[in-house]
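The structure appears right after this line, and notes come after that.
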Amino acid sequence: MPGDLPPSYTRYPERFDPIDRVYVGPITSPATNDWNPHYDDPEPGKKLADVAVHNSTIEDWVVSPPHTMHRVDGLELTVDGDGAFTAEGGFHYRNKCGYFGVNHLYVRGPTATIYLAYSHDPACSESEVRDEEGYWYGPVTVTGSLDGDFDTLRIILLNGNENLGEFDSTDTMEFGI
């Protein structure tokens, strides 16, 4: 993460305020876990590198009310032998100006974690899609590289739909590597 931005905590210290930090990338995880004194630093050479979120455009979206469960928010992971990964799937967008991005990355032991958050472009004010409806579903892809030996890649959606079939109660997708 950029070194000039301190972590932004909500009242729950394990969560970050997604409005303050949403980057499409590429971003590399920090070499230390100074932002959380309870986490040991990553082992030397272990990191998430060049993580980027690729959002779709309104032309690729389809109508899909989220509570119908017709299209479920989620990603499927593929990892190459060299550690390059692609997580592909889709999420519900709230408005034409919205996008998903990285809120935080960290490495802790054999687990690499990516926090994703939803935000919107404040310069975009006109919308053919009604704001805050959440009825639009579009493709999202997360790419990057796992440098080092990992057992698990965890992707956490901070402010996603709470009624998702493939997520647990914390909106966490966990993939064995």
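Laboratory data are not the source of any read-out in this text; all were calculated from the coordinates shown. Keep in mind the model is a prediction, meaning the values are calculated, not measured. Counting neighbours? That spans all protein chains shown, and the Cβs are built from the backbone with ideal geometry, glycine included.
Quick look at the values:
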{"quantity": "Label point distance in nm, Thr86-Ala49, each placed 7 Å from Cα along Cα→Cβ", "calculated": "1.9"}
{"quantity": "Estimated vicinal HN-Hα couplings, Hz - the range 22-39 in sequence order (Karplus 6.51, -1.76, 1.60; Gly, Pro = x)", "calculated": "9, 10, 7, x, x, 9, 10, 5, x, 6, 10, 9, 4, 5, 9, x, 7, 9"}
{"quantity": "The range 46-105: C-alpha gyration tensor shape, a/c 1.5 cut-off, then a/b vs b/c", "calculated": "prolate"}
